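I have placed the structure first, in the form of structure tokens, so that the comments after it can refer back to it.
The values are calculated or read from the model by the stated rules, or taken from the named source; none is laboratory data. The model shown is predicted, which means the values in this text are computed figures rather than measured ones. Using ideal geometry, Cβ is built from the backbone for each residue, glycine included, and neighbour counts are taken over all protein chains shown.
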Amino acid sequence: MSKISYEQWQQMPQDEKDSIPEEMLPEISPEKLENSLTRAVCKRMDGVIGWETTQTVPNGSNTRWFPEFQQKEVRGQMIWYRFDPICGLYSMNLSETEPTMEEEPIGSYGMQWMHFMETQHPELVELMELRNQYLTVARSVDKTAWEYRELLDSQYEQMNPRPTGSFEEIEQWERTRTFYTDNTVMREKVLVPVTTP
């Protein structure tokens with residue numbers, strides 16, 4: 001099995017990278033390296049993908065392993081950094097950016113999906129945050145859920161016409177419809193571990 005090239009590696013989605021066998025992980029040829037680096041090999045440590053680099057230093061050489069992605073808090077906001085094995089430095093992961101919750105608020109179904117994902121699937125949340133897609137997926141889930149609820153509401157009304165009797169009858173009908181549509185939306189659209197918009 002031959003190693004994949006660094007160029008191929010850069011184009012791969014994260015889930016594909018995670019499934020590549022150890023012996024196929026890329027190694028960068030020494031002539032492409034900068035900053036006194038003499039070797040850069042992609043390696044997994046405790047299931048985490050990163051780069052082992054060897055750098056020439058005054059008294060010989062220094063070999064260290066760096067995770068491919070690292071998170072750091074900057075002015076109260078978590079920023080992801082990506083390791084560049086060619087120069088041996090981290091830089092902000094700006095491949096894609098998404099609006100913050102303040103810039104583009106997320107609706108109630110999207111917020112409930114986020115809570116579900118953070119408590120039940122934190123590893124998938126981390127993966128989406130690496131790709132700067134977590135809030136985008138939450139907005140997509142919220143939009144889909146509300147559209148689905150509107151559809152269910154109209155279907156329910158067709159099968160169970162709204163009563164024209166007393167206030168109590170109308171209130172009971174509204175409660176039943178809300179209970180049915182909300183539960184269905186939650187079960188089928190919100191409490192679902194999706195990772196793409």
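A Cβ distance below 7 Å, combined with a sequence gap of six or more or placement on separate chains, defines the contacts here; from region 172-185, residues that are within 10 Å of Tyr156 (Cβ to Cβ) reach residues that are among the charged types (D, E, K, R) in the pairs Trp173/Arg162; Arg177/Asp153; Thr181/Arg149; Thr181/Asp153.
So which of Thr136, Thr178, Thr184 is in contact with an Asp or Glu (Cβ under 9 Å, 6 or more places away or on another chain), farther than 19 Å from Pro99 by Cβ and surrounded by 13 or more Cβ atoms within 10 Å (Cβ to Cβ)?
Values: Thr136 fails: farther than 19 Å from Pro99 by Cβ; Thr184 fails: in contact with an Asp or Glu (Cβ under 9 Å, 6 or more places away or on another chain).
Selected residue: Thr178, the only one of Thr136, Thr178, Thr184 that is in contact with an Asp or Glu (Cβ under 9 Å, 6 or more places away or on another chain), farther than 19 Å from Pro99 by Cβ and surrounded by 13 or more Cβ atoms within 10 Å (Cβ to Cβ).
Scanning region 95-126 for residues that are in contact (Cβ under 8 Å) with a residue 24 or more places away in the chain, farther than 23 Å from Phe83 by Cα and outside any loop (DSSP other than H, G, I, E, B) yields Ser108, Tyr109, Gly110, Met111, Gln112, Trp113, Met114, Phe116, Met117, Gln120. The C-beta contact set for region 2-17 (first residue touching a residue at least 40 places away in the same chain (Cβ under 8 Å), second residue among the acidic types (Asp, Glu), distance under 9 angstrom, 6+ apart or interchain) comprises Tyr6/Glu27. Can you find, within region 46-66, the residue that is farthest from the chain's Cα centre (by Cα) among those that are buried (at least 16 other Cβ atoms within 10 Å of the Cβ), under 20 Å from Glu23 (Cβ atoms) and of a type outside the set (Ser, Thr, Tyr)? Ranking the qualifying residues of region 46-66, first place goes to Glu52.
Against the numbered list (1) out of contact with any strand residue (DSSP E or B) (no Cβ under 6 Å at 6 or more places or on another chain); (2) at pLDDT below 95, Glu188 comes up short only at (2). Output the residue which, of all residues in region 19-45 that are closer than 16 Å to Ser5 by Cα and among the aliphatic types (A, V, I, L, M), is nearest to the chain's Cα centre (by Cα). This residue is Ile20.
Taking region 127-170 on its own, how many of its residues are outside any helix (DSSP H, G or I) and of a type in the set (Ser, Thr, Tyr)?
Total satisfying the criteria: 2.
Against the definition (at pLDDT 85 or above, aromatic (Phe, Trp, Tyr) and farther than 27 Å from Thr196 by Cβ), how does Trp9 come out, yes or no? No; evaluated as a whole, the condition is false for this residue.
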